[in-house]
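Only one structure is covered here, and it is reproduced in the block below.
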Amino acid sequence: MANKAYQRVYTQLEAITKATVSLNCKGISNDELAIVNGKLSQVVKTKGDTVTLQVFAGTEGIPTNAEVRFLGAPPTLNVSDQLSGRFFNAYGQAIDGGPEVEGEERQIGGPSVNPYKRRQPSELIPTGIAGIDLNNTLVSGQKIPFFADPDQPYNQVMADVALRADVDKIILGGMGLSNDDYLFFKHKFENAGALSKIVSFVNTTEEPPVERLLIPDMALTAAEYFAVDKNEKVLVLLTDMTLYADALSIVSNRMDQIPSKDSMPGSLYSDLAKIYEKAVQLPTGGSITIIAVTTLNEGDITHAIPDNTGYITEGQLFLRADSDSGKVIIDPFRSLSRLKQLVQGKKTREDHSQVMNASVRLYADAQNAKTKLENGFDLSDYDLRCLDYAKEYATRLLSIDVNITINEMLDTAWELFSKYFSKAETGIKQVFIDKYWKN
Amino acid sequence: MNSTGKVTGIVSNLVTVETVGPVAENELCYIDLAGTKLLAEVIKVSGKKASVQVFESTRGLKNGDDVEFLGKMLEVTLGPGLLSSVYDGLQNDLTTMEDVFLKRGEYTDPIDRKKLWSFVPIAKEGDKVIAADWLGEVKEGWLPHKIMVPFSFKGNYTVKSIIEKGEYTVDTVIAVLTSESGEDVNVTMTQKWPVKIAIKAYQQKPRPQKIMATGMRIIDTFNPIAEGGTGFIPGPFGCGKTVLQHGIAKQGEADVIVMAACGERANEVVEIFTEFPELIDPHTGRHLMERTTIICNTSNMPVAAREASVYTAMTICEYYRAMGLRCLLLADSTSRWAQALREMSNRMEELPGADAFPVDLSAIISNFYSRAGVVILNNGETGAVTFIGTVSPAGGNLKEPVTESTKKAARCFYALEQNRADQKRYPSVNPIESYSKYLEYPEIQEYLEKTIEKGWIEKVLKAKNIIRKGKEAQDQINILGDDGVPMSYHETFWKSELIDFILLQQDAFDSVDSLCPLPRQKKMLNLVLDICDKEFKFDNYEDCRKFFKEMINILRQMNYSKEASEEFTNYENTLSNLLESYGK
């Protein structure tokens, strides 16, 4: 952080916790930054003359006589085209050995877009993955997380999606990323020759957890620069939001706040919404699409973090290891794209939505048959057909290693329908049956 | 001279103010942040210290900053021009703000002061009037918008003068009233009302007499909501809460719709103001937006204004109700409002109740639901506010404080179920758990029997019973296996599936199926029940399944076809042929 002309310096701390320090001082503004013993901190509470600062890097080694310098402003990021292709830490400082970015200094975590100035998202983002394109179509301006257990290849899928998507900029916000995953992203982007359109803000597991709290705002300030100022289509990748929420709970705990469900702060919903709601389709053509990762504990989506996320985001993509096909699939039951109907049948073929619903319904029938099988009952002819269908459906359409066009996905689904079922069993509108049924 | 104060403490949007002079609970104040005025509301006073919740971000605020109290509570401006508007939770007009980003301290007028309205007087000179009496009328779109004696007027007044028919702006004095003490008061087309206080300028609040049709079978047929009734929709995320609510907004039989987007996604609001101007109200043939007001405090907007947004929306509904109109208020979601209360209570370090919610949550919710209802106005006309709120239970678990508190207050319960949503059985309203208390109201029963057909209630209960029995049969089949149960179990199960697929499920995205008027609901229920009445003798369960699947397919195609169309009749014939061929 650059030194400012006017700085106030204090040297007497009143209280220290693992994440915060408090001291007596006057004229301090809310959200202002300070340097405590060389560590960046931010004002989170004032009460009379007592000011509480959150120390991002943790308070280890901070003595009561530490020097506290107030910087007079909230955290900022320098924005300009020079951001492209660069890697930064949570404070927006370059970590790739390159020069500091010159540009306009902007406060991060700025105001929201006036909802009336938004436009309805309507542009399809094809990914080649049928579990997404066919069942849970993505739309620009959407915000959607992957829900995945820690052992699933969510970062790989996300990188694939990002590189296949037709966007102008990709902004990676990595929170608690392992060094291996950080290098994975770096190499994947480099190998794809896409580095020039990528900006990365990375906090690795080697760095203090509270620092992560700055990552989404940094990434989204950069995204807003490209989307609002430059009218570009921007895709923001945030991984892993569960680690972000964990950092929130650390801070609220240190501030003696009463925890709500799962020891998360009561403001978790608002805190997450502030980030995800930055996704926007602007009238000028620019857009911010957010794809995030929320890791789960053994698929438990009732935990406060995935639960609040689900209420904020426009759907979720649920990764699951499928034992029938031996592949990682995008679970058609638990996954959802709330914006899919804005493009299905409009930007894609007319039969899209009916084919999607029928194929999922039949897959559900297969799950019932499976339950019967597990309970040791005889299966009917229909049950057996369902099971065969489910296996092929999972392998050819739900698996994350699929990469085909949407029309190919629809044709594949019709092929499976006619292979395993009668027309009536699909329950699809007659006009589409007449047109697309494969004899 | 208003009271003043200085900021002495800040935690997020909770600010402590050292006050000079008296302050009232819920009084508003402006906090001066380097020239920008941030609106805030007093939520607690303790000695000279007032705790205020700020309706904006407090970034950059300092201890010692000046505070000016306004001597009034949060109010809305009521007058012609509220319909088709998009407001924030504090009734700022979002459409007249120029910047792409919301600016702190930017407050816009909710009403267009320049627009001319053609006014027609109703009251005459010398008339005795009281609060909420109609003085005149303007046309707001196609709706007769009554200009009333302001609700805050106490006692009797005499109309001293009233302006002639003509074109006027809202600020024109349209009448002069003389109070009992002989004082003359000017009345314009607008008035203000504090949002947290219910408008009670009416004769009485009777029990609801009729139902509000929504075109959705699971509601109108199975769990009807009364006009002036209350209902709520709890459900985990992804179960179709929003789609269901938008469906009700599009098709609900009401004159005025107010949608409070409370702490929800901004894109959902965008969907409303993008689609509603294009969509046609099925009851009047007018554009939907003409009867709709949107109050939005989306999830990224200041938390404190979230609570205000539902009250603002309710007050606007009550205003139109006083004109003898039927209003529908949809709030999505009341859980976000409860969470906003929790955040503040938490910052004030109050002792928490269950799940850290404030202990008076239940009282606040039931107080709010009680503002809905049918009223008989001073002049004998009736008006209604129907309220449907959604609840977003944490983890989809209905045993949580907001759901439980709401269940005590609301009369209809539409429980959305994850399992049904997973199977794409939309709307995913659980047919067994859900209920409408109104089905037990003698007034409503009489109304249904009269407007739909005699014996209707019995038929509905019968259909519900078939679903219940089907569920039991299904459980038995799952436990004992297809071969382990008598054939009749399969038949019972498939009859319930028939009702599920044809009556309960409805395609919200199909232009025909999405809207099912009452006569058509009657036809379909009768058709399905006739089939359920038949005793089939299947040789094996495979035949049973096949037969019902075929029938379900035909009936589904009927749902997708326009009524009385050739297609529809063809399917009807195919169906009766199928039934006959079985008989032989």
Single residue of the stretch B:542-555 satisfying the filter (farther than 13 Å from A:K423 by Cα and either at the interface with another protein chain (Cβ under 7 Å from one of its Cβ atoms) or among the acidic types (D, E) (or both)) that is surrounded by the most Cβ atoms within 10 Å (Cβ to Cβ) = B:R545
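Could you check the stretch A:270-292 and list, in sequence order, the residues that are among the hydrophobic types (A, V, I, L, M, F, W, C) and surrounded by fewer than 24 Cβ atoms within 10 Å (Cβ to Cβ)?
Within the stretch A:270-292, just A:L282 meets the criteria.
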inquiry  = Any residue that is at pLDDT below 95, out of contact with any Asp or Glu (no Cβ under 8 Å at 6 or more places or on another chain) and within 14 Å of chain B (Cβ to nearest Cβ) - is there at least one of those in the stretch A:122-133?
reply    = yes
The stretch B:86-118, subset under 23 Å from B:E275 (Cα atoms) and touching a helix residue (DSSP H, G or I) at 6+ places or on another chain (Cβ under 7 Å), residue surrounded by the fewest Cβ atoms within 10 Å (Cβ to Cβ) = B:T95
request  = Would you please name the residue that is farthest from B:P80 (Cα to Cα), looking only at residues in the stretch B:100-141 that are more than 14 Å from chain A (Cβ to nearest Cβ) and small (G, A, S)?
outcome  = B:G126
Filter pass, B:T8 being under 18 Å from B:M348 (Cα atoms), more than 13 Å from every other protein chain (Cβ to nearest Cβ), assigned to a strand (DSSP E or B) and touching a residue at least 12 places away in the same chain (Cβ under 8 Å) = no
remark   = Residues of the stretch A:227-259 being within 13 Å of chain B (Cβ to nearest Cβ) and buried (at least 24 other Cβ atoms within 10 Å of the Cβ), in sequence order, are A:A227
inquiry  = What's the total number of residues in the stretch B:405-419 that are assigned to a helix (DSSP H, G or I) and either of a type in the set (G, A, S) or without any contact (Cβ under 8 Å) to a residue 40 or more places away in the chain (or both)?
reply    = 3
key: Close pairs (7 angstrom Cβ cut-off, 6 or more residues apart or separate chains): within 8 Å of chain B (Cβ to nearest Cβ) in the stretch A:301-318, among the β-branched types (V, I, T) and surrounded by fewer than 24 Cβ atoms within 10 Å (Cβ to Cβ) anywhere   = A:D307/A:I301; A:G310/A:I301
query = Has the stretch B:428-445 got at least one residue that is within 14 Å of another protein chain (Cβ to nearest Cβ), crowded, with 17+ Cβ neighbours inside 10 Å and touching a residue at least 12 places away in the same chain (Cβ under 8 Å)?
reply = yes
task = Enumerate the pairs (first residue in the stretch A:80-92 and in contact (Cβ under 8 Å) with a residue 60 or more places away in the chain; second residue anywhere and crowded, with 16+ Cβ neighbours inside 10 Å and among the acidic types (D, E)) with beta-carbon separation below 7 Å, excluding pairs fewer than 6 apart on the same chain, so at least 6 apart or on different chains.
result = A:A90/A:E211
query = Among the residues of the stretch B:446-472 satisfying the criterion of being among the basic types (K, R) and in contact (Cβ under 8 Å) with a residue 40 or more places away in the chain, which is surrounded by the most Cβ atoms within 10 Å (Cβ to Cβ)?
reply = B:K464
task = Mind listing just one residue for me: the one in the stretch B:54-99 that is of a type in the set (D, E, K, R), under 26 Å from the mean Cα position of the chain (by Cα) and under 21 Å from B:T188 (Cβ atoms) and, of those, farthest from the other protein chains (Cβ to nearest Cβ)?
result = B:E75
Residues located in the stretch A:164-209, provided they are of a type in the set (A, V, I, L, M) and either modelled with pLDDT of 95 or more or within 18 Å of the chain's Cα centre (by Cα) (or both) = A:A165, A:V167, A:I170, A:I171, A:L172, A:M175, A:L177, A:I198, A:V199, A:V202
Every residue from the stretch B:478-505 that is under 27 Å from B:T221 (Cβ atoms) and within 14 Å of another protein chain (Cβ to nearest Cβ) = B:Y489, B:H490, B:F493, B:W494, B:E497, B:L498, B:D500, B:F501, B:I502, B:Q505
task = Hey, could you check the stretch A:31-50 for residues that are away from chain B (no Cβ under 14 Å) and not in a strand (DSSP E or B) and say which is nearest to A:E14 (Cα to Cα)?
result = A:N37
task = Could you please find all residues in the stretch B:485-527 being touching a residue at least 60 places away in the same chain (Cβ under 8 Å), among the acidic types (D, E) and part of a loop (DSSP other than H, G, I, E, B)?
result = B:D507
task = Among the residues of the stretch B:524-579, write down those that are of a type outside the set (D, E), more than 25 Å from B:K462 (Cα to Cα) and over 38 Å from the mean Cα position of the chain (by Cα).
result = B:N540, B:N570, B:N573, B:T574, B:N577
query = Tell me, which helices (runs of 4 or more DSSP H) lie completely within the stretch A:364-439 with 3 or more residues that are within 30 Å of A:A148 (Cβ to Cβ) and either in the same structural domain as A:A165 (by TED's automatic domain parsing) or not hydroxyl-bearing (S, T, Y) (or both)?
reply = A:381-393, A:406-420
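The values are calculated or read from the model by the stated rules, or taken from the named source; none is laboratory data. All values derive from a computational prediction rather than experimental measurement. A quick note on method: Cβ atoms are made from the backbone with ideal geometry, for glycine too, and the neighbour counts reach across all protein chains shown.
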